[in-house]
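Since the structure comes first, as structure tokens, the remarks are kept for the end.
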Amino acid sequence: MNAKRTIVAAGIAVGVTLAIGAPSTAGAQSGTERESFEPYTPAPDATDLKSVLFNWMWHMGMLKGHDERDVVATLEYQGTGTIEVGGESCALTRYRVSTHYQSLVQRTDYACTLPDGQEHSNIEVVSGLYAWDEDVRGAGIGRTGGQTTPRPETVEARLIRFWASPQGAPKAAVAASVETFWLGANPGTLFDDGIMESGETSLTWESGQAVLTFPLMGVPGAMATATLNERYMTERVLVTHGDKTTEFDYGDYGDWNNPLHKIEVFYAGETLERLNGEVVRELATVETETGNVYVVAPVPAGVREAIGETAALPRPVMAKVEPPVDMTVPTPRLAGKPDMTGVWAHSDRVGNYQTGGGRRCGPTQNEECSRRINQTEDYALYAPSRFGGTGYPLYEPEYWDEIQQLDMWTNLEDPVMTCQPLGIPRHGVPRRIYQTGNDITFIYGQFADAGGGTGEYRIIPTDGRDHAPNAEYSYTYMGSTVGHWDGDTLVLDSIGFTDRTWIGRGGFFHTDRMRVIERLTRRGNALLFDVTIEDPDVLVEPYVIPTRTLRLNTNPDAGLLPERGSCETFEDGAIATQIRH
């Protein structure tokens, strides 16, 4: 990570776009380098299940980062064409599909004109095993008005469309091939070479084309047959379910992102959907956004009450790669309380995925490709707040589009790009802690969340005092913090923030009414760190970040911090790309 952040008028944001701890590998493509980076490379003539699943995701542009994991978490789609409404073909004037593959949700917002000139519109939503229609996006959530109509009879049809999409089909095939639904798994690491069947997924070859058969999660009895073209891209998905057959044909693949954000995740330019042989949707792609922008579809209370409780679909499980932490050794104590003093190791990972380095050049890339270019493009997807592992704050629906726009213009809007301090909670966990009987000091390391430098610190009283008068109006980056002990857990309460920082990458803004509660519990050589964020002006509910487990680092040099780097911005009025850090 370079301390200097440079905005290049005709290029990309250099420096801040580089991943945390990225090795210097740009442009090198030697065999030795490949062996040190890639967990799997199929043989050129491999035809087994492992190689086909890998090639499918690899050619679709879904595998990113140096360990080439599937990090396509969300996808925004806009298209034109026709959709069947009441047995008639309706000409689309608006068609937008917002998909979150990890949360198993999809919202389809469309408007169209029937042959008699009548206008028709609807918003169709599926979230796990719940389905409903909305008259406005986010109806029934937070303070948003509007009406919701429970549609439990459509769950299976909507899930079929979700799983049979160009990116959904390979995810479904991989999920059905293993016992655990791994989040972002590289399919080349899941099973042995040479097999043609694993779990409920099987592979055959027909007329030189790979054909995979697999069930669809959440649709009992549904079986999908996916045929891949010669470029290992999704050509056709045929789903049989009872007496219904749904067929999806795809063609004209390309990077349909806007010209300022080409990151080589490929989507079909043409989609033809038939139900029992009759065309129900014929679409031409207008634009996609494949950079994991904000997509949520919480189930409204009225829908949940009307439908009742449903079975929960399996959610993907984050692969654990962190070494275990010894919690059995005695916990040191100071003045009767656990002593948090120490250097605490935490990795900059996407939900325990290492994120450093750039991936090798893919099969669709030209001779100008390099690891540096790939790493810059990939970071739009695998930043922690975009890909997964920390969950999403649930904003009021009126802000959903704004968050997407802030994220898409991160290079312009993110406070990091104008050298603002990260503040909390974005700075994450402290690298070094000093504790006394009455206060605690946090010292933060470099480049948390791809920004900031050394030198940020907090000295917090822990004697149980209240906030000072008017503390809510202090408007600082770190806030006004006081601490107290709840048994052996230290609770820190912070208010009085400036609204110039973000909660995290992805456009996650906040107001000056944000409140942050941090809870620290030491167990042996482990420090459990919990954070809850409240902001009633913009959040529907408190945002609870999953517990982070920090490991005591006994390396004598671990706590040594280098001199803080300088920060400099220029040319920010001439940004000509949305490639973002």
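The values are calculated or read from the model by the stated rules, or taken from the named source; none is laboratory data. Keep in mind it's a predicted model, so treat the numbers as computed, not measured. Neighbour counts are summed over all protein chains in view; Cβ atoms, including those assigned to glycine, are modelled from backbone coordinates with ideal geometry. Areas reflect the complete protein model, heavy atoms only, side chains present, ligands, DNA and RNA absent. Shrake-Rupley method; radii C 1.70, N 1.55, O 1.52, S 1.80 Å.
With the cut-off at 1.5 for a/c, could you classify the stretch 231-325 from its C-alpha gyration tensor as rounded, prolate or oblate? Note, shape of the stretch 231-325 comes out oblate.
Summed over the residues of the chain and divided among them, the accessible surface reaches 40 Å² per residue at a probe radius of 1.4 Å.
This model, with +1 at the C-beta of Lys and Arg and -1 at the C-beta of Asp and Glu, gives the stretch 228-348 a dipole about its Cα centre of some 700 debye. Consider a paramagnetic label point 7 Å from the Cα of L114 along Cα→Cβ; state which residues of the stretch 78-93 have an amide N under 11 Å from it. Answer for the stretch 78-93: 85-90.
Once you reduce the stretch 231-274 and the stretch 354-414 to the center of their Cα atoms, the two points are 22 Å from each other.
In the stretch 423-514, taking the dipole from charged Cβ atoms about the Cα centre, the farthest positive-side position among N470, W485, I460 is held by I460.
Looking at the stretch 294-345, the trypsin sites (Lys or Arg not before Pro) that sit in a DSSP loop and have at most 10 other Cβ atoms within 10 Å of their own Cβ are K320.
S89 contributes an accessible area of around 70 Å² to the protein surface, as traced by a 1.4 Å probe with all chains present. Within the accessible surface of the stretch 147-264, defined with a 1.4 Å probe on protein heavy atoms only, the carbon and sulfur portion equals 49 percent.
Estimated from helices alone, the mean residue ellipticity of the chain at 222 nm is -3500 deg cm²/dmol (sum of -39500 (n - 2.57) over DSSP H runs with n ≥ 4, per residue).
A dipole drawn for the stretch 268-346 from +1 and -1 charges on Cβ atoms has a positive end, and of T271, P323, A297 the residue lying farthest that way is P323. Excluding residues on the same chain fewer than 8 positions from K171, give the aspartates and glutamates whose Cα lies under 12 Å from its Cα. Answer for K171, where 12 Å is the Cα cut-off: D70, listed by chain and number. Packing, taken as the mean count of other beta carbons within 10 Å per residue, orders the peptides 186-192, 359-365 from highest to lowest as 186-192, 359-365.
Carbon-plus-sulfur accessible fraction, the stretch 460-552 (probe radius 1.4 Å, protein heavy atoms only): 45%. Based on Cα contacts under 8 Å between residues 6+ apart, the chain shows a relative contact order of 17 percent. To the nearest ten degrees, helix 49-59 and the longest principal axis of the Cα atoms of the chain are 80 degrees apart.
The antiparallel fraction among DSSP beta bridges confined to the chain stands at about 95%. Of the chymotrypsin sites (Phe, Trp or Tyr not before Pro) found in the stretch 430-539, the ones in coil according to DSSP and having at most 16 other Cβ atoms within 10 Å of their Cβ are Y475. Each Lys and Arg adds +1 at its Cβ and each Asp and Glu adds -1 at its Cβ; summed about the Cα centre, the chain shows a dipole of about 1800 debye.
With the charge dipole of the chain set up from +1 on Lys and Arg Cβ and -1 on Asp and Glu Cβ about the Cα centre, the Cα lying farthest toward the positive end among the listed residues A345, Y395, N258 is that of A345.
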